[in-house]
1. Give me the distance between the Cα centres of region 160-234 and region 51-85, rounded to whole Å.
2. Let's see if you can work this out: charge +1 on each Lys and Arg Cβ, -1 on each Asp and Glu Cβ, no other charges. What is the dipole magnitude of region 204-288 about its Cα centre, in debye to the nearest 20?
3. Quick one: which residues, 5 or more positions from Cys240 or on another chain, have an amide H under 5 Å from its amide H? H modelled 1.01 Å from N in the peptide plane, none for Pro or chain starts.
4. Can you give the angle from 0 to 90° between the axis of helix 94-112 and the longest principal axis of the chain, with both taken from C-alpha atoms, to the nearest 10?
5. Nearest-5 percent of antiparallel DSSP beta bridges in region 1-154?
6. Leaving out ligands, DNA and RNA but keeping every protein chain, what accessible area does His238 have, in Å² rounded to the nearest 10, with a 1.4 Å probe?
7. Which is the longest part of the chain that has none of the GluC sites (Glu not before Pro) sitting in a DSSP loop with at most 12 other Cβ atoms within 10 Å?
8. Which one of Leu206, Ser278, Gly45 has its Cα pushed farthest toward the positive end of the charge dipole of the chain, where Lys and Arg give +1 and Asp and Glu give -1 at the Cβ?
Amino acid sequence: MVGVSVGEQQFIKGGIAQDLRTDGRKRLTYRDIYVETGVIPQANGSARVRIGGTDVIASVKAEIGRPSSLQPDKGKVAVFIDCSPTAEPTFGGRGGEELSSELALALQICLLGGKSGAGAGINLSSLLIKEGRVCWDLYIDGLVISSDGNLLDALGAAIKAALTNTAIPKVQVSAEVADDEQPEIDISDEEYQQFDTSSVPVIVTLTKVGNHYIVDATAEEESQMSSAVSISVNRGGHICGLTKRGGSGLDPSVILDMISVAKHVSETLMNNLDSKISAAEACEDDES
């Protein structure tokens, strides 16, 4: 928790009301974004993203699994987040565990949509190898290295970059076997296919401070918030997921306005992030 004096609180809120935040940004402007890919060689894909003073790493590991009986035509994705105590003293112990679980759940909703799979930013059907028998299980791990606000957007950006960096081996399935037997599979050591990230969304968190909402809130700004709504939007402008935190309720008309603003902001964020990811991938290729 960031300690802010009464004078600092008034300065933060007053600046936001006048559309001039303490670091010089307007209400709907992000801090500079830095992207590096391929930071964990053992993973199928990985990336590091820094937004201002917030620094996170995401990695993707693909393992052979079995589809669930409820969704035999789809693979599976699991998200795990670790908030390092070195990033923020309050992350130590139970506080860090609760925040990690909250972030992982929010990312699961933003990336995979509802329980029905509607609005999913990751196409689980693309992870299927053989219906009801074999699929890819993707394990997405996020690590918070340092925290200066807006963790969810930063982790979402890092996951998008890591998925873009992900290469999944091509698989050959053996001839038909009995229903109660698992088919043999041959995993290639040489042929890989890039993960399709065309529908993977960006996450835009709108933080309400006073009578206004801002994007990419710093830790100081978050300490003054009444509520925050995180909206994931894909390149087509479709909403993939929405989560809210903070005790203050929001009128439905306000949420609709926030969705409209998030769609507008997401276009710029998506283009900026895709550009940074492409540059990072090109830099990684030059070094390899």
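The values are calculated or read from the model by the stated rules, or taken from the named source; none is laboratory data. Owing to the predicted nature of the structure, the values given are computational and were not obtained by experimental measurement. Quick reminder, even Gly has a Cβ in these numbers, built from the backbone with ideal geometry, and neighbours come from all protein chains shown. Ligands, DNA and RNA are stripped out before the accessible areas are found, and what is left, the full protein with its side chains, is counted by its heavy atoms. Shrake-Rupley method; radii C 1.70, N 1.55, O 1.52, S 1.80 Å.
1. Region 160-234 and region 51-85 have Cα centres spaced 7 Å from each other.
2. Using Cβ point charges on Lys, Arg, Asp and Glu, region 204-288 gives about 620 debye.
3. Excluding prolines and chain starts, which carry no amide H, the hits are Ser232, Val233, Asn234.
4. Tilt relative to the chain: about 70 degrees.
5. Once the DSSP bridges in region 1-154 are tallied, antiparallel ones form about 75 percent.
6. 120 Å²
7. On the way: sites that count: Glu131, Glu176, Glu181, Glu184.
In short, 1-130.
8. Towards the positive end, the residue furthest out is Leu206.
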